[in-house]
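What follows is one structure encoded as structure tokens, with my remarks underneath.
The values are calculated or read from the model by the stated rules, or taken from the named source; none is laboratory data. All values reported here derive from a predicted model rather than from experimental measurement. Please note: Cβ atoms are built from the backbone with ideal geometry, for glycine as well, and neighbour counts cover all protein chains shown. The protein model used for the area step is the full one, side chains on, heavy atoms only, and it has no ligands, DNA or RNA in it. Shrake-Rupley method; radii C 1.70, N 1.55, O 1.52, S 1.80 Å.
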Amino acid sequence: MHREPEPTPTEPAKAADDPPLKADNGYTLGPVQAGPACCDPQPLIQVENFSLRYGLKTALANVTLDIYRGCITALIGPSGCGKTSFLSSINRLTDLIPGCGITGRICIDGGDIHDPARDVQALRRQIGMVFQKPTPFPLSIYRNIELPLHEHGVKRRADTVAIIEQVLRDVGLWEEVHDRLHSSALSLSGGQQQRLCIARALALNPRILLMDEPCSALDPIASGIVEDLISRLRGRYTIVIVTHNLAQARRIANYAAFFWVRGHAGSLVEFGHCRQIFESPAHELTAAYVNGARG
Amino acid sequence: MRIFSTKKYALFIAALLLVNGWAQPGNAAPEKLVLTGASTIAPLAAEIARRFEAQHPGTRIDVQTGGSSRGINDTRNGTAGIGMVSRALKPAEQDLQAHTIALDGVGLILNASNPISGLSRQQVIDIYTGKIINWKTLGGRDAPITAINKAEGRSTLELFLGYLKLKNSDIRPHVIIGDNAQGIKTVAGNPNAIGYVSIGAAEYEARHGTPIKLLPLDGVAATVVNVRNGTFPLSRPLNLVTRAAPQGLARDFIAFARSEQVHDLVEAQYFVPVGFR
Amino acid sequence: MIWSRHNILSPSVSVDTLTLWLLRGAAGAAMGVVLLILLFLAIESWPALRHISIERFLTDPSWNPGENLYNLAPMLSGTLYAAAGALLLATPLGIASALFIAYYASPHAASIYRRLVELLAGIPSVVYGFWGLTTLVPLINQLHPPGASLLAGILVLTLMILPTIALTAYAALLAVPGEYMLGATALGLSRWGTIRGVALPAAKTGIAAGVILAAGRAIGETMALLMVTGNVVQNASSLFEPIRTLAANIALEMPYAMNDHRAALFVSGLALMLLVMLLWSIAARLARNGNG
Amino acid sequence: MAEMVSMKSMRTPRDCFAKLAIYCAALLVCAAFAWILSDIARGGMAHLSLDFVIGSPRDAGRAGGIGSILVSTALVLAIALMAALPLGWTTAALLAEYVSAGSRFGGAVRYSLQVLAAVPSIVFGLFGNAFFSIYLGLGFSILSGGLTLACMLLPILVSTAESGLRAIPDAHRLSAAALGMSRTSTLFRLLLPIAAPSLAAGLLLGIGRAIAETAALLFTSGYVDRTPGSLLDSGRTLAVHIFDLSMNVPGGDAAAYASALVLIAALLLINMVAMRLATDWQRRKIMAENSNGYSNIDAPRA
């Protein structure tokens, strides 16, 4: 398949001819051929002393952590502790909020994302984002993916078509929608819409995926399918996911970061391997939260 | 700007040009003359213009009404090439040149069903100043009088007031109208109304079946004949005015409007052609 | 190798900047229109304001520009009488129509009735005026000559502003949360009790804003009134007397007004504009407070 | 709301009276409007024919038709829309998408549009006469009339388009930004197509206002009743024609009725056609820009 960082990608047209590597329920994601294993972490996103405020109100104070390439990092913690703000800072979506200011640094591959010379749109193309509620545009399924592709220079129809098929297969939606690509995306079910949003993000071939409680607005079955999909994306993408579902975080995440509100501002309490956070938390707040939620 | 659809916009403009082209087939820019002013002259001027255009292809003459003052105004500020003024020019208007094309009178009109057949000058004054408010006083049926006055700025009004030696602020009207035609229409629609309009316009309408009648003034019947022989007390010249000595198309048109070629049109409107006096 | 083949252009910030300036230019032009209107009204009014002191517009014995008399007061009163009369009639009818659509009619009837009202909102004022002239004026003339009168003006205006009031009142009623109504019904209030006790108070500001908008429209209305009110400049002492409104005065005399007379018409236009602007700002404030 | 909240009516006398009053009011309104519409329909039908619609007016409009007047109306309308649409919609886009609530500039623009909406049409007529006809020297012409109307339509177009854009949830803007789309293409490719129905609704309202307008046109486009030869010629619109026929032409009532009927029919027709266009346009925009021929890759799969 064509998505791995190794320089041996397959032509997607060929991929379409080959019988897809069949995973259990229609997914066509192949096995991870390369990429860093989670046991050998290399930081992709480095956050140093990062603070965020809206107007005079500090939303997030002094966060420092590394997010590792190819891994799934779960952000957990109670509501209002700045998890979503942190997530939106990574692709500078917070720029859109008036009165929003930051201090500290967020670096991707060593480059500061707030560098004035940084092309924000190019940055955001590298970083896909999926929101809590599925947000397909009220356009056709096809157009939903075509629109960002067109924006980023993929203008030839054949290419567009190939990519759309590829990403829809990647999220296991192809079989369900290939005969109605031109009907409205709003006609899909919630789970399908969320997978379409993931596909739309994948179409731009990002390196990082940010997910803001991607399953919380879905019913348990759809939620299960999306969760399954997310764990399949591990290794291929660096994923940062906000979740309130601790069981889900345990199931899919390699790393977990626990946020808490201290003195009206959210801050990072503890960061570590998922298992460590859940089974032997170093901080008593973490222990209380994890146990409380469990019991 | 894809959504605003440059293509569609271009199409829109193209369609517009097409409509224009269709409206004026094969004629790039006709020579144009605009006449504005007295509603009394406008119908006549429109007829003359039509004949003039037929004889001079490539010209276009637009006639708009509005009143004599507007004719003066528009000619002064250049909006119109020729102004139509249904009275003699006042001393303050000597900066303009007047070219009389016909004579007209102003007559009182009643609804055709009104039994009154004549009014004295004093009676007319009393009606318009609100001293007589019922037709019964004048020997008619028992019905309140609806006095129709013209709006400020109309030459017919000025002429009429001058004849009655009244000021406009003395008048107690019930309805105020603009054009002659509006006055005729109001009188035709209201059996108890009285109004005053151009004799030409009134006679034209009366002949075409509108239920109105002209009243004699000072015992002189309001007819074209009496205007022509100068016995009718309320008569006036119909003028075309220009800012300076007319040039080009304006000169041709004024000459045409004063020529014998249009006498039949003048008479068809119940005006008196010049040169017949 | 799709990705490498496509030269993924870095989307330029300059396009966004360009768009922003384009939009700013357009908005500036829109703003310019208002300034231009005020500027030209002021310029054209200036000769009159210079020659004629302001109080003369209210204290001159009459409106006779030919005799240099410029009293706008009778036309102001005519305008206000007509607008007030129309509001008096149209407000209860409009609110009743809104209540009918919102709470009384069956869904089917409500949608038909609403369509009807919307259709009426779209009928040109000149058509209302024409209808008034050919139907209403002769009828009133039989009752009390001359027919063309304040009453005819009020009736025609009522028909014209009724849709505005009905539609805004309906929108305001629609915005009343359904739970309020359910709650009131659950307390055992009758339908009318619920409406009077809950719906109308909750929709009060919206309805008031609609009425004020309608008043603005009534004051600015020109053609329909020009056609049916008889246009005599006077303080009407009865419903059957003709009047002239400020707007009708402009339409009637503008074509042949000159010098100070023309300028005086621009003054009345300016006055009209300020009057309506005042009403609208009141309505806007009401609407804002209602929302906030 | 009747379907939302079904209230069981308790039959008190006051309740019955209120119900009666409201039904009477509704009936009264219906009756009044039935009266108007039937009057116009009855008066107009007799005079209406194809010749009337396409013919030129003769004898001050008593005879002949309204063909040239329809042409003038269409031209005035076209000028007005061509001037007002780009200006209005871009202004709306600025107000809805680029200006924060507290912005001075946005506030000023919004305030001036409110003022513009409040200006009575006769005042637009005064302004158009002073500015377009005399100051710019356009005279009594289709162009002056159309531009005056454009000023009048601006607030309607802006407010409908702005509210349409504001109704789009921010989630779409966020998603688009997260996908690295520029604000410009978000606006033109995503937000405006989504807002198409409200743009169309505003357009309809604008057309309705423009076609119905008389007072603003009397002193700007004039009332020459011939087919205009160019945009600098005077042209009489349908509404002005009705005014002239009913006020100034004895015996013009029949033609006025017929013209009024045509005017109302035109308003209804434009409404329907534009609605249809809007839905089609939106459907096309919802689908891909180059969707035709997608089936060729679809086929082997099927």
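A few comments on the model shown:
- All of (1) surrounded by fewer than 17 Cβ atoms within 10 Å (Cβ to Cβ); (2) within 26 Å of residue A:253 (Cα to Cα) hold for residue A:214 with one exception: (1).
- Residue count for region D:157-195, restricted to those that are without any contact (Cβ under 8 Å) to a residue 24 or more places away in the chain and hydrophobic (A, V, I, L, M, F, W, C): 9
- Test: residue in region A:112-124 that is modelled with pLDDT under 90, touching a His at 6+ places or on another chain (Cβ under 9 Å) and closer than 19 Å to residue A:212 by Cα: no
- Selected residue (criterion: farthest from residue A:205 (Cα to Cα)) from residues of region D:187-213 that are open to solvent by 10 Å² or more (accessible area, probe 1.4 Å) and not hydrophobic (A, V, I, L, M, F, W, C): D:213
- Test: residue D:137 is more than 11 Å from chain C (Cβ to nearest Cβ) and assigned to a helix (DSSP H, G or I): no
- You will find that of C:229, C:194, C:185, the residue that is buried (at least 22 other Cβ atoms within 10 Å of the Cβ), of a type in the set (Val, Ile, Thr) and within 9 Å of another protein chain (Cβ to nearest Cβ) is C:194 and no other.
- Within region A:121-166, the set of residues being over 28 Å from residue A:47 (Cβ atoms), aliphatic (A, V, I, L, M) and within 7 Å of chain D (Cβ to nearest Cβ) comprises A:139, A:147, A:161.
- Out of D:171, D:254, one residue alone is open to solvent by 10 Å² or more (accessible area, probe 1.4 Å), over 28 Å from residue A:152 (Cα atoms), in the same structural domain as residue D:126 (by TED's automatic domain parsing) and at pLDDT 85 or above. It is D:254.
- Single residue of A:105, A:118, A:92, A:69 found to be open to solvent by 10 Å² or more (accessible area, probe 1.4 Å) and facing chain D (nearest Cβ under 10 Å): A:92
- Residue match in region D:224-233 (condition: assigned to a helix (DSSP H, G or I) and open to solvent by less than 10 Å² (accessible area, probe 1.4 Å)): no
- Residue within region C:172-181 that is touching a Ser or Thr at 6+ places or on another chain (Cβ under 8 Å), assigned to a helix (DSSP H, G or I) and not acidic (Asp, Glu) present: yes
- Just one residue in the set A:239, A:208, A:277, A:225 is more than 14 Å from residue A:75 (Cβ to Cβ) and β-branched (Val, Ile, Thr); that residue is A:225.
- Residues being assigned to a strand (DSSP E or B), open to solvent by less than 40 Å² (accessible area, probe 1.4 Å) and under 23 Å from residue B:84 (Cβ atoms) - total across region B:211-246: 7
- Within region B:132-182, considering residues that are open to solvent by 20 Å² or more (accessible area, probe 1.4 Å) and in a strand (DSSP E or B), the one farthest from residue C:226 (Cα to Cα): B:134
- Check on residue D:130, facing another protein chain (nearest Cβ under 8 Å), open to solvent by 10 Å² or more (accessible area, probe 1.4 Å) and without any contact (Cβ under 8 Å) to a residue 60 or more places away in the chain: no
- The lone criterion from (1) at pLDDT 90 or above; (2) over 25 Å from residue C:163 (Cβ atoms) left unmet by residue D:61 is number (1).
- Count of residues meeting criterion [part of a helix (DSSP H, G or I), open to solvent by 10 Å² or more (accessible area, probe 1.4 Å), farther than 12 Å from residue C:72 by Cα and not basic (Lys, Arg)] in region C:262-292: 15
- Candidate set from region B:146-183 (those that are within 8 Å of another protein chain (Cβ to nearest Cβ) and among the acidic types (Asp, Glu)); member that is farthest from residue C:66 (Cα to Cα): B:179
- Residues located in region B:249-277, provided they are open to solvent by 30 Å² or more (accessible area, probe 1.4 Å) and assigned to a helix (DSSP H, G or I): B:251, B:252, B:255, B:258, B:260, B:261, B:264, B:267, B:268
- Identity of the residue in region D:218-239, within 16 Å of residue C:251 (Cβ to Cβ) and within 8 Å of another protein chain (Cβ to nearest Cβ), that ends up modelled with the highest pLDDT: D:239
- Qualifying residue in region D:196-214 (condition: more than 10 Å from chain C (Cβ to nearest Cβ), farther than 26 Å from residue C:219 by Cα, free of Cβ contacts under 8 Å to residues at least 12 places away in the same chain and out of contact with any strand residue (DSSP E or B) (no Cβ under 6 Å at 6 or more places or on another chain)): no
- Filtered by the rule that a residue be closer than 20 Å to residue A:97 by Cβ, without any contact (Cβ under 8 Å) to a residue 60 or more places away in the chain and open to solvent by less than 40 Å² (accessible area, probe 1.4 Å), region D:96-111 gives D:99, D:103, D:106.
- All positions within region C:124-139 that are open to solvent by 10 Å² or more (accessible area, probe 1.4 Å) and either facing chain D (nearest Cβ under 9 Å) or in contact (Cβ under 8 Å) with a residue 24 or more places away in the chain (or both): C:125, C:133, C:134, C:135, C:136, C:137
- Among the candidates D:185, D:163, residue that is within 11 Å of chain C (Cβ to nearest Cβ), of a type outside the set (A, V, I, L, M, F, W, C) and assigned to a helix (DSSP H, G or I): D:185
- Residue satisfying condition, being part of a helix (DSSP H, G or I) and within 12 Å of another protein chain (Cβ to nearest Cβ), within set C:151, C:159: C:159
- Of the residues contained in region D:86-103, none is found to be of a type in the set (A, V, I, L, M, F, W, C), assigned by TED's automatic domain parsing to the domain that holds residue D:256 and within 26 Å of residue C:219 (Cα to Cα).
- Residue that is modelled with the lowest pLDDT, among those in region C:50-79 that are within 19 Å of residue B:157 (Cβ to Cβ) and of a type in the set (A, V, I, L, M): C:69
- Enumeration of residues in region C:232-252 that are more than 11 Å from chain D (Cβ to nearest Cβ) and in a helix (DSSP H, G or I): none
- Selection within region B:123-173 - among the polar types (S, T, N, Q) and touching a residue at least 12 places away in the same chain (Cβ under 8 Å): B:123, B:129, B:146, B:149, B:155, B:156, B:168
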